[in-house]
Each structure stands twice: as structure tokens, then as C-alpha cells.
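Comments concern the structure below.
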Amino acid sequence: MFFKRPDYFPKQLFQRFLVQQVLFLIPVLLLAAVLVRVYLERQLEQATSQAEVVRAFDLGLLIMALLLPALIAAVSLWTGYQLVLPLGRILVRARALAKRDYSQGGAAESSGEWQEADDGEWSDLESAISRISEDMKSKEVNLSRGREEMEAIISAIQEAVVAIDISGNLLFFNSQFVLSFGDVGRRQGRLSDFFRSPDVLEAFRQTLLEGRPRSLSTQLRRKGESGYRYFSLSVAPLHLEKQNESYGAVGVFHDVSELKHLDQVRIDFVANVSHELRTPLTSIKGYSETLKSELAGNSTALRFAEAIERNADRLISLVQDLLNLSTLESGNDLTKAIVDLPLLSERVSQQLDESRKAKVHSWNFTYRANRMEADEKRLEQVLFNLLENAIKYVPNHGQVAVTWDTVNGGIELRVRDNGPGIPPEHHARIFERFYRLDSARTRELGGTGLGLAIVKHIVQRHGGTIRLEGGPGQGSTFVCLFPQ
Ligand SMILES: Nc1ncnc2c1ncn2[C@@H]1O[C@H](COP(=O)(O)OP(=O)(O)OP(=O)(O)O)[C@@H](O)[C@H]1O
Ligand SMILES: [Mg+2]
């Protein structure tokens, strides 16, 4: 059919359109018929021949042909006007909406006026647009309030914060970042405009690439300062909710120079004190030895001299351990070389020969790896401290086993004993300095609680990790992993 209704078009509206058109045609046709009839009647009254009747009829037709289109044109002009007016208004509102201009009025103020102009679907359409406009307006207000709150929070953070997109362009940064690194007034740019440090750029690049957080310590120069400051930088990927791919990364620069400085003061203090203590202690030890030989006959005085010597020995070893830790902490470079592991183990074994022979029944070394790159002196100290502990804490007829192995491309050292084992609740703290399980008993054994702290430091300086396995009844196994 010519007037086919498209599926999406409201049925009611379409029917109304058809009815209106038909209703509008009826009076037009009726009017035309009446006019023709009046005219014909008048002509026939005066007509004398058939030809006159025909002429009169033709004239009637002519008048109708002229009148009807004029009428139809007038009416369709009127209906068109009725149609175009609301459409125009809707168009204006839709355009304003697209431009996010919400000043074109909400549903409430417009619908009354609209109702007067047309009472049906047009007003529905307009109020729908008004509702959308209201909705969008309130969402936009919420969104910008959220953004302002977020910016206020980020600006209040003492750390410098910066976020970049996947291609390294800045997405946002806080005022602290501008104060520390940025040119004043610069609102756009790339991360590489602000940093020359390859560490920083690489951390961001890797985070974008792998989508995993990273952190690093680095030295950076703050704007307007000549010296470098220490920063701890944490970089995390930016994800949209429910999306795996990161669209950027955010970095937080935490200035740790003050902490570093305090730490250095502490390290220096311990080193200085230890150093100052060493000389008088050596002299106490020397005099107590002399005293011992002088007091050979007097058993009580001899006992005192021996106690002085024993305690001087303990203090000397404590001071030595503290100095060792200070040197490790002050970050002096390791002297790395290829170390022959069986040779090193043999040397340590010999140093401990005396103490172990009294207690240890089985003393085993296994080499599934024979060499590794390390600071030989330090590595020797690791093995020495671990074996010294094993000997110290195993019961009589103890068993100690050392294994050197290649694991995941690194070298793994395992020192295992069948001693009392260390309860799991102490595992996390056992590598802290001065931490001892049973301080009374271990002090009796001559322990100060620095041995494992030194071991951990050395392993970490080699980029490795240390962990403790086992527990009461299972013995202890210390596992050091050195990446190669
Ligand atoms: N193999 C082990 N078996 C059982 N307990 C252990 C073992 N090794 C260490 N420990 C416990 O861990 C504590 C800390 O050990 P660490 O070597 O740090 O100190 P220490 O041996 O007491 O003193 P030192 O500084 O002379 O080594 C020890 O006091 C001991 O209680
Ligand atoms: Mg020890």
C-alpha cells in the first residue's frame, strides 16, 4: 500500500495521521460539490440549449479545478506549519543537548507550553528530551564534583604524583609534582620532558608493558636545587574497571632524603662507637691475658682474670659484628669474582673443625653447583655464620648437611641441621639484629644475635633472598638463593 506504516512508527500516531487526512478531504469535496451544484442550478435556469448546459458544466469543472488545489494548498500549509513548529523546537533542544547546553529548559517548564501547542506525541518527545537533558545535567554536575574532590585529595598529598597515558603523555599531576619537577605554568607535555633519569622512564615503561606495579629507589634533582635527593618511586598501572589492559600508569615520588640521612647518622654512629670501643677492649684482653699468667698460683683471682678475658672476647666479637654490619649497610661495593664453592666450603669447614668435632656426628657437603659469582669473603662469612649456628644449636651427635645447587639459573645454598628447630612464629623476625629465641641460653652459648642479621645483609647485597624452613622436631634449614 502507498501509505505503509514503518514498524518503528507509533501505530496510534499513524492512524491519527490517516484519519486527519481523510477527515480533511471530506469537507473539501463536499464544499466543492455544493459549489458546483449551485452554479449548475443557476446556469440551467437560464440555459436554452444542450450546448449551453455542457459549457456551464465545463465552467463548473474549471472553477472546481481552480478552487480545490488552492484550498488543499492552504490546508496543507496550515498542517505543515503545525508539524514544523514543534519539530523545529525539538531540533533546537536536541542540538543544545548535543552541545551539552542545558539552558534550553527542563521538562517542567516546557511541557505546559507544549501541551497548548499539541496534545499528543510531540509533547511526549519533548519531555523525553527534557528528561534526558536533566539527567545529563545532573550526571555532569556529579562527575565534575567527583573530579574536583579527587584533584583536591591528590593535591593535598605531600608526595609528587603523576599519571601518564600509554604513549607517555601526561594525564594529570599534582601541585607537589610541579613544585618538585615541573616548569611553572606547564600543563601539558611528556614524562620525558620532566625526567632525564633512565631509571624513572624505564620503571614507567615496564609498568605500562607488563601491567604490574614496580618500585625503585632513585636519586633525582629537585627543581631549583643543585644537589640530588633520594626518592622512592612507586609506579602502578591504571586500569578501567573490568578491563585488563592498562591505559596508563601513575607514579608516586616519595622524598626519603631525610630518612636516608637519619639512617646514615645511625650507621655512622654505630660504626664510630664500635671503632672507639675496639682499642680499649683489645687492651683489656691483653692485660687480662698477662694477669692470667701472673696469677697462676691464685685460683680465685685466676678465675676472675679468665672471666675478664672471656667477656672481653665476647665484646670484641660483638664490636666486630657491629662493624661488619655497618660496612655492609654503608653500601660499599662488593668485590665480585668467580668463587670455587668446594674450596670455600673446605676452608670454612676447617675453621670450625675444633668446635664441630666435639658435637657433630655427621658433616656432609654436596655440590650440584661448583662455582658462582660473589664476593668471596662475604660468601665465606655467610657459610661460616650458618654452620657456626648449626654446630652451636644441634644436640650431641648432631647432623649437618650443606648443599650447593643450581636453581632457576641461580645458586642455592642449603644448610640443614637436626637441631631443635625454630618455631614458625619466630621465622619472620629471626633475621633481625639481636633477635634470639631463648636469650638466656644463647647468651650462655656466647651468642649476640647478630650472626643471622649479617647473613641476611650479605645475601641481600648480592641481590638474593634467604628463608628458613623447618620447625620444632624437624631441625632447621636455611636456604639462600643468589641470582646469577
Ligand atoms: N641452626 C639453628 N637451630 C636453632 N636455632 C637457631 C639456629 N640458628 C639460629 N638459631 C636461633 O636464632 C638466634 C639468632 O641467631 P644468630 O646467629 O643471629 O645469633 P647468635 O647465634 O645468638 O649470635 P651470633 O651473633 O654469635 O651468631 C639464635 O640465638 C638462636 O636462638
Ligand atoms: Mg649465630
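Somewhere in the range 364-371, is a residue in contact with a Leu (Cβ under 7 Å, 6 or more places away or on another chain), touching a residue at least 40 places away in the same chain (Cβ under 8 Å) and near ligand 1 (Cβ under 8 Å from one of its atoms)? Lay out the reasoning, then the answer.
Filtering the range 364-371 for residues in contact with a Leu (Cβ under 7 Å, 6 or more places away or on another chain) gives 367, 369-371.
Pick out the ones that are also touching a residue at least 40 places away in the same chain (Cβ under 8 Å) and you get 369.
Filter once more, keeping what is near ligand 1 (Cβ under 8 Å from one of its atoms): none.
No, there is no match, as no residue in the range 364-371 is in contact with a Leu (Cβ under 7 Å, 6 or more places away or on another chain), touching a residue at least 40 places away in the same chain (Cβ under 8 Å) and near ligand 1 (Cβ under 8 Å from one of its atoms).
The single condition among (1) at pLDDT below 85; (2) touching a strand residue (DSSP E or B) at 6+ places or on another chain (Cβ under 6 Å) that S103 does not meet is (2). Within the range 412-446, the set of residues being of a type in the set (S, T, Y) and near ligand 1 (Cβ under 7 Å from one of its atoms) comprises Y435, T442.
Name the single residue that is farthest from L322 (Cα to Cα) among those in the range 423-468 being of a type in the set (K, R) and touching a Phe, Trp or Tyr at 6+ places or on another chain (Cβ under 6 Å).
At the first step, the residues of the range 423-468 found to be of a type in the set (K, R) are 429, 433, 436, 441, 443, 456, 461, 467.
Then keep just the ones that are touching a Phe, Trp or Tyr at 6+ places or on another chain (Cβ under 6 Å); that gives 429, 456.
On the way: R429: 18, K456: 14 Å.
Ranking the candidates gives R429 first.
For (1) without any contact (Cβ under 8 Å) to a residue 24 or more places away in the chain; (2) of a type outside the set (D, E, K, R); (3) crowded, with 18+ Cβ neighbours inside 10 Å, each residue gets a yes or a no:
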position	(1), (2), (3)
L291	yes, yes, no
R310	yes, no, no
D321	no, no, yes
T327	no, yes, no
I338	no, yes, no
E346	yes, no, no
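Listed here are the residues, each with its yes/no results for (1) surrounded by fewer than 14 Cβ atoms within 10 Å (Cβ to Cβ); (2) away from ligand 1 (no atom under 12 Å from the Cβ).
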site	(1), (2)
L379	no, yes
N385	no, no
P395	yes, no
T403	no, yes
G410	no, yes
H457	no, no
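Every test in (1) free of Cβ contacts under 8 Å to residues at least 24 places away in the same chain; (2) of a type in the set (K, R); (3) closer than 19 Å to S345 by Cβ is passed by R416 save one, and that test is (1).
Report, by residue number, each residue of the range 153-183 that is in contact with a Leu (Cβ under 7 Å, 6 or more places away or on another chain) and farther than 22 Å from S257 by Cα. Passing the criteria: A163, I164, D165, I166, G168, L170. Taking the condition buried (at least 18 other Cβ atoms within 10 Å of the Cβ), on the phi < 0 side of the Ramachandran plot, near ligand 1 (Cβ under 9 Å from one of its atoms) and of a type in the set (G, A, S), does G449 pass? Considered against the rule, which asks whether it is buried (at least 18 other Cβ atoms within 10 Å of the Cβ), on the phi < 0 side of the Ramachandran plot, near ligand 1 (Cβ under 9 Å from one of its atoms) and of a type in the set (G, A, S), G449 comes out as no.
Please work out if Q474 is exposed (fewer than 15 other Cβ atoms within 10 Å of the Cβ), of a type in the set (S, T, N, Q), more than 10 Å from ligand 1 (Cβ to nearest atom) and touching a residue at least 40 places away in the same chain (Cβ under 8 Å).
Numbers: exposed (fewer than 15 other Cβ atoms within 10 Å of the Cβ): yes; of a type in the set (S, T, N, Q): yes; more than 10 Å from ligand 1 (Cβ to nearest atom): yes; touching a residue at least 40 places away in the same chain (Cβ under 8 Å): yes.
Yes.
Among the residues of the range 351-400, those identified as within 16 Å of ligand 2 (Cβ to nearest atom) and in a loop (DSSP other than H, G, I, E, B) are L352, V394.
Contact map, the range 49-73: residues that are more than 18 Å from A32 (Cα to Cα) paired with residues that are at pLDDT 75 or above and assigned to a helix (DSSP H, G or I), Cβ distance under 7 Å, separation 6+ or inter-chain. Pairs shown: V53/L44.
Could you grab me the full set of residues in the range 425-448 that are farther than 29 Å from Q484 by Cα, of a type in the set (G, A, S) and outside any helix (DSSP H, G or I)?
Initially, the range 425-448 is screened for residues farther than 29 Å from Q484 by Cα, giving 425-426, 434-448.
Retained after the next criterion (residues that are of a type in the set (G, A, S)): 439-440, 446-447.
Selection gives G446, G447.
Would it be correct to say that I466 is more than 8 Å from ligand 1 (Cβ to nearest atom), assigned to a strand (DSSP E or B) and of a type in the set (A, V, I, L, M, F, W, C)? Here the answer is yes, as I466 does meet what is asked. Among the residues of the range 320-350, the ones that are at pLDDT below 95 and not in a strand (DSSP E or B) come to 16 in all.
Entry remark, the range 194-217: residues being in a loop (DSSP other than H, G, I, E, B) and over 16 Å from the mean Cα position of the chain (by Cα) number 3 in total.
Of all residues in the range 421-444 being touching a strand residue (DSSP E or B) at 6+ places or on another chain (Cβ under 8 Å) and of a type outside the set (V, I, T), which is farthest from ligand 2 (Cβ to nearest atom)? Looking at the filtered set, the residue picked out is P424. Residues in the range 219-259 that are of a type outside the set (G, A, S), modelled with pLDDT under 90 and more than 23 Å from F172 (Cα to Cα): E225 alone. For the range 424-479, the set of residues classified as in contact with a helix residue (DSSP H, G or I) (Cβ under 8 Å, 6 or more places away or on another chain) and among the charged types (D, E, K, R) consists of E432, R433, R436, R461, listed by residue number. Within the range 395-419, the set of residues being farther than 26 Å from L325 by Cβ and more than 42 Å from the chain's Cα centre (by Cα) comprises P395, N396, H397, G398, Q399, A401, N418. Evaluated against (1) closer than 14 Å to A160 by Cα; (2) touching a residue at least 24 places away in the same chain (Cβ under 8 Å); (3) not in a helix (DSSP H, G or I), S234 falls short on exactly one condition, (2).
Would you say S283 is surrounded by fewer than 17 Cβ atoms within 10 Å (Cβ to Cβ), closer than 20 Å to V161 by Cα, at pLDDT 90 or above and of a type in the set (S, T, N, Q)?
Values: surrounded by fewer than 17 Cβ atoms within 10 Å (Cβ to Cβ): yes; closer than 20 Å to V161 by Cα: no; at pLDDT 90 or above: yes; of a type in the set (S, T, N, Q): yes.
Answer is no for this residue.
The values are calculated or read from the model by the stated rules, or taken from the named source; none is laboratory data. Because the structure is a prediction, the values reported are computed rather than measured. Virtual Cβ from ideal backbone geometry, glycine too; neighbours counted across all protein chains shown.
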